[in-house]
């Protein structure tokens, strides 16, 4: 998230709040952003 912010890439959580994350019921953090063509990309925290 800090990298995206440093590059001025807009992202949001599931409810649509800009620049923040939400936590999925399985405790994984996730954000959403759009590529240049408008497709939504979901990014999930990597936990092993």
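Collect the residues in the stretch 6-23 that are assigned to a strand (DSSP E or B) and closer than 19 Å to residue 38 by Cα, keeping them in residue-number order. Scanning the stretch 6-23 gives 12, 18. Checked against (1) surrounded by 11 or more Cβ atoms within 10 Å (Cβ to Cβ); (2) not in a loop (DSSP other than H, G, I, E, B), residue 3 passes all but condition (1).
All conditions in (1) part of a helix (DSSP H, G or I); (2) surrounded by 13 or more Cβ atoms within 10 Å (Cβ to Cβ) hold for residue 30, with the sole exception of (1).
The C-beta contact set for the stretch 5-17 (first residue over 14 Å from residue 43 (Cβ atoms), second residue modelled with pLDDT under 95, distance under 7 angstrom, 6+ apart or interchain) comprises 15/22.
The values are calculated or read from the model by the stated rules, or taken from the named source; none is laboratory data. Bear in mind the structure is a predicted one, so any value in this text is a computation, not a measurement. Virtual Cβ from ideal backbone geometry, glycine too; neighbours counted across all protein chains shown.
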